[in-house]
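Below is one structure, written out as structure tokens; the observations come after it.
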Amino acid sequence: MSEESDGIVVMTQDEMRSRIAVFAEQTGNDQLMVTQGIPGFQRDIYSIIGRGVSEDAGTQPGIVDSKGFNVAYVGAEPDNGSAMHTHQEIEVFIPMSGQWAVYWNEGDDMEEVLLEPMDCISVPGGVMRSFKNVGDTYGHLLVIIEGTENATVGRPQDVIDQAAAAGFTLDADGKMVNAAE
């Protein structure tokens, strides 16, 4: 990589290779989050840029260099998605295929919006949120999360209890522990 006098950076094909994530080369993680073993929350998560809010200490994104944001693709069968959770980072959801519902708040205050492909919602940090494929076929959702560090996730106690019943807990650092191992 060379920098010209005017601040423009010139990169070769080889130098750019670590910044390319070819989808066919990516592997979906079906246990990136402690909740993915719970019926209704099963999904494939592809960490494309950065580690995002992964609870799997072994997460290896397609593009490691993440400055200020993380990108993931989520793929799910109908009636599957994410359990309620919160973190301090802004989270953006954009359906790429299928129809998705995004929920925020809990209990009597819960709100919902239905999103079609290319629609977009930006959920502020600190807001409890979840999403679900409400279409009739396997769908893909683009997720963009603010920040560079691998953030921790907060969850309602009933979700933590369901994950524990499915054999998964979190250690003191917020990383997933499989009770079967």
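Okay, here's what the table says:
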read-out: Boolean, Gly126 is surrounded by 19 or more Cβ atoms within 10 Å (Cβ to Cβ), free of Cβ contacts under 8 Å to residues at least 60 places away in the same chain and more than 13 Å from the chain's Cα centre (by Cα); value: no
read-out: Failed condition for Pro39, given (1) more than 21 Å from Asn178 (Cβ to Cβ); (2) free of Cβ contacts under 8 Å to residues at least 60 places away in the same chain; value: (1)
read-out: Filter result for the condition that a residue is aliphatic (A, V, I, L, M) and free of Cβ contacts under 8 Å to residues at least 40 places away in the same chain, over Ala24, Ala57; value: Ala24
read-out: Residue ID - farthest from Thr148 (Cα to Cα), chosen from residues in the range 83-114 that are at pLDDT 95 or above and among the hydroxyl-bearing types (Ser, Thr, Tyr); value: Ser97
read-out: In the range 16-55, the residues that are within 23 Å of Gly154 (Cα to Cα) and of a type in the set (Ser, Thr, Tyr); value: Thr35, Tyr46, Ser47, Ser54
read-out: The lone exception for Gly52 - which of (1) surrounded by fewer than 20 Cβ atoms within 10 Å (Cβ to Cβ); (2) on the phi > 0 side of the Ramachandran plot it fails; value: (1)
read-out: Selected residue (only one of Asp119, Asp136, Asp108 is touching a residue at least 24 places away in the same chain (Cβ under 8 Å) and out of contact with any strand residue (DSSP E or B) (no Cβ under 8 Å at 6 or more places or on another chain)); value: Asp136
read-out: Top-ranked residue in the range 26-35 [being more than 10 Å from the chain's Cα centre (by Cα) and assigned to a loop (DSSP other than H, G, I, E, B); ranked as modelled with the lowest pLDDT]; value: Gln31
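Each row is one residue, and each column tells you yes or no for (1) among the hydroxyl-bearing types (Ser, Thr, Tyr); (2) under 22 Å from Ile38 (Cα atoms); (3) surrounded by 20 or more Cβ atoms within 10 Å (Cβ to Cβ).
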site: Gly62; (1), (2), (3): no, no, yes
site: Val113; (1), (2), (3): no, no, no
site: Thr152; (1), (2), (3): yes, yes, no
site: Asp158; (1), (2), (3): no, yes, no
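The values are calculated or read from the model by the stated rules, or taken from the named source; none is laboratory data. Because the structure is predicted, anything quoted here is derived from the model rather than measured. Because the Cβ atoms are built from the backbone with ideal geometry, glycine has one as well, and the counts that use them run over all protein chains shown.
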